[in-house]
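The values are calculated or read from the model by the stated rules, or taken from the named source; none is laboratory data. Since the model is a prediction, treat every value here as computed from it, not as a measurement. In this analysis, Cβ positions are derived from the backbone assuming ideal geometry, glycine residues included, and neighbour counts consider all displayed protein chains. Please note that ligands, DNA and RNA were not included when accessible areas were found on the heavy atoms of the full protein model with its side chains. Shrake-Rupley method; radii C 1.70, N 1.55, O 1.52, S 1.80 Å.
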Amino acid sequence: MIYLYALAATFAAVMALVPVVRSVALRAGFVDRPTGRKIHAEPVPLSGGVAIFAGVILSSFLFLGNHPLFRAILTGGILLVAIGLLDDSFKSRGREFPVWPRLLLYIAVSFIPVWHGIAIQGVSSPSPAAMILFPPVLSAIVTAVWVFALINMLNFIDGIDGLASGVCVISSLTIFVASLIEAQPVTAVVAVALAGSCLAFLAYNFHPARIFMGDAGATFLGYTLAVTAVDGTLKGATFLSLSVPLLALGVPILDTVIVFSRRLFEGKGLHRADNLHTHHSLMKWGLTQVQTVSFLYLIAAVFSLLSIVVLLMLR
């Protein structure tokens, strides 16, 4: 029942917090204003990430206490939400926040799980007897690369109403099921809390969105998913089990691969915002926002089911 309680607590907290942070953002003018690249036609509050962060942290602390996984999520989350709110404040004034301070902070945050003992320790063949342990430096680098990638990937897909929050619900529930299968109760609590937080936020964020999570929310979600996946399935993965988190997070990973490939092909900077994402392409083909998001939910669900099938085959 602890998982049901964690889900319910996070869901209730975020449902209660979103109207509050939305009202404050509207009064302060903390909104995402329409531009030529953006889809929405009216200013939308950017403060949703605060509610998502607060819900996950509150629930995780209630059910885990001062666990290393909680400390890693709290420490990294505070830094990401802070820089994300600063970035979002620039957006609300029609300005662009410099990319390098964000990237440097993302790199620093990516090593925080390692400091709390959460790291990819090695890779084995299908036989556990053939485990290849990484040296500490390599373990830290591999973990940081994974976390850094997910921080940015979730941020990349947050370009259409309900996409990032809905995909996060599917991915976190997949990690939850995988954690139960692998007897990882701590990871399962965080995963189900994350699902509850995103599900509650989705009630306000589905088209037409009344609030956005902003960079603060998207980067926090990517970070938490990455750290939770490492703690649950990636600490000492076989070559086959590596596919479990990769498939569970298949939509943001696939979207990033496609976008980066197109940017390289067209000679554009990899960090430059554009309309080359999968959701933009689907809408150019004639799909509505709801149809586009629903299609990508379906793809995410297929990836997630495949990841569970792979995990069950390995047992």
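What do you reckon, is G162 modelled with pLDDT under 95 and either open to solvent by 10 Å² or more (accessible area, probe 1.4 Å) or within 15 Å of the chain's Cα centre (by Cα) (or both)? Spell out the reasoning first.
Working: modelled with pLDDT under 95: yes; either open to solvent by 10 Å² or more (accessible area, probe 1.4 Å) or within 15 Å of the chain's Cα centre (by Cα) (or both): yes.
Yes.
As an exercise: evaluate V114 against (1) open to solvent by 30 Å² or more (accessible area, probe 1.4 Å); (2) more than 20 Å from P68 (Cβ to Cβ); (3) not small (G, A, S) and give the number of the one condition it does not meet.
(2)
Within the stretch 165-190, can you find the residues that are in contact (Cβ under 8 Å) with a residue 40 or more places away in the chain, open to solvent by 20 Å² or more (accessible area, probe 1.4 Å) and either of a type in the set (G, A, S) or not in a helix (DSSP H, G or I) (or both)?
E182, Q184
For the stretch 191-220, name all the residues that are open to solvent by 10 Å² or more (accessible area, probe 1.4 Å) and either within 15 Å of the chain's Cα centre (by Cα) or over 14 Å from V31 (Cα atoms) (or both). Break it down stepwise before answering.
To start, the set of residues in the stretch 191-220 that are open to solvent by 10 Å² or more (accessible area, probe 1.4 Å) comprises 199, 202-204, 206-210, 212, 215.
If the condition is that a residue be open to solvent by 10 Å² or more (accessible area, probe 1.4 Å) and either within 15 Å of the chain's Cα centre (by Cα) or over 14 Å from V31 (Cα atoms) (or both), then L199, L202, A203, Y204, F206, H207, P208, F212, D215 are the ones that fit.
Mind counting the residues in the stretch 233-247 that are in a helix (DSSP H, G or I) and either open to solvent by less than 10 Å² (accessible area, probe 1.4 Å) or at pLDDT 95 or above (or both)? Spell out the reasoning first.
Step one: filter the stretch 233-247 for residues in a helix (DSSP H, G or I), giving 233-234, 243-247.
If we keep only those that are either open to solvent by less than 10 Å² (accessible area, probe 1.4 Å) or at pLDDT 95 or above (or both) as well, we get 234, 244-245.
The qualifying residues number 3.
What single numbered condition from (1) within 19 Å of F206 (Cβ to Cβ); (2) modelled with pLDDT under 95; (3) among the hydrophobic types (A, V, I, L, M, F, W, C) fails to hold for A28?
(1) is the only condition that A28 fails.
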